[in-house]
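Undergrad: Pasting in a structure now, in structure tokens, and then I'll have a few things to ask.
Every number here is computed from the coordinates shown, using simple stated rules; none is lab data. Keep in mind it's a predicted model, so treat the numbers as computed, not measured. A quick note on method: Cβ atoms are made from the backbone with ideal geometry, for glycine too, and the neighbour counts reach across all protein chains shown.
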Ligand SMILES: CC(C)(COP(=O)(O)OP(=O)(O)OC[C@H]1O[C@@H](n2cnc3c(N)ncnc32)[C@H](O)[C@@H]1OP(=O)(O)O)[C@@H](O)C(=O)NCCC(=O)NCCS
């Protein structure tokens, strides 16, 4: 799921079915997301990964993403 609220682009819940992982589909999904956000004039894309999910952090770092060193806050409304 990719969104753009006019300030930042966001990638949420990007995932590849386990049987199709490590075949290049994750990279293709991220590249397509970046392509579409760029087309919309977006200058930066953000995403959140649990800090314990080291594999996924490694994946995004490999694709050029960097730790922004910000604290993510959330509040459940229901
Ligand atoms: C993360 C995920 C999307 C990766 O998808 P994938 O299809 O397996 O990834 P790809 O095969 O496209 O890998 C792309 C590149 O990243 C590299 N890579 C993948 N995982 C890596 C890791 N942990 N560390 C370093 N590089 C990694 C691959 O070697 C590949 O490199 P290359 O294109 O330069 O040869 C997939 O593992 C997944 O769906 N995980 C579970 C869902 C999840 O937790 N999503 C995140 C929620 S925030």
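Undergrad: What number of residues within segment 17-30 are within 8 Å of the ligand (Cβ to nearest atom) and either touching a residue at least 60 places away in the same chain (Cβ under 8 Å) or over 16 Å from residue 57 (Cβ atoms) (or both)?
TA: Looking only at that region, the number is 9.
Undergrad: Here's a check for you: in segment 31-60, which residue that is over 23 Å from residue 71 (Cα atoms) and surrounded by 15 or more Cβ atoms within 10 Å (Cβ to Cβ) is nearest to the ligand (Cβ to nearest atom)? Steps first, please.
TA: Here is the first cut: in segment 31-60, the ones over 23 Å from residue 71 (Cα atoms) are 31-41.
Narrowing the set further to residues that are surrounded by 15 or more Cβ atoms within 10 Å (Cβ to Cβ) leaves 33-34, 37.
Details: 33: 11, 34: 13, 37: 17 Å.
Per the stated criteria, the residue is 33.
Undergrad: Continuing with this model, one more query. Just one of (1) at positive phi; (2) touching a helix residue (DSSP H, G or I) at 6+ places or on another chain (Cβ under 9 Å) trips up residue 42, so point out which.
TA: Status for residue 42: all satisfied but (1).
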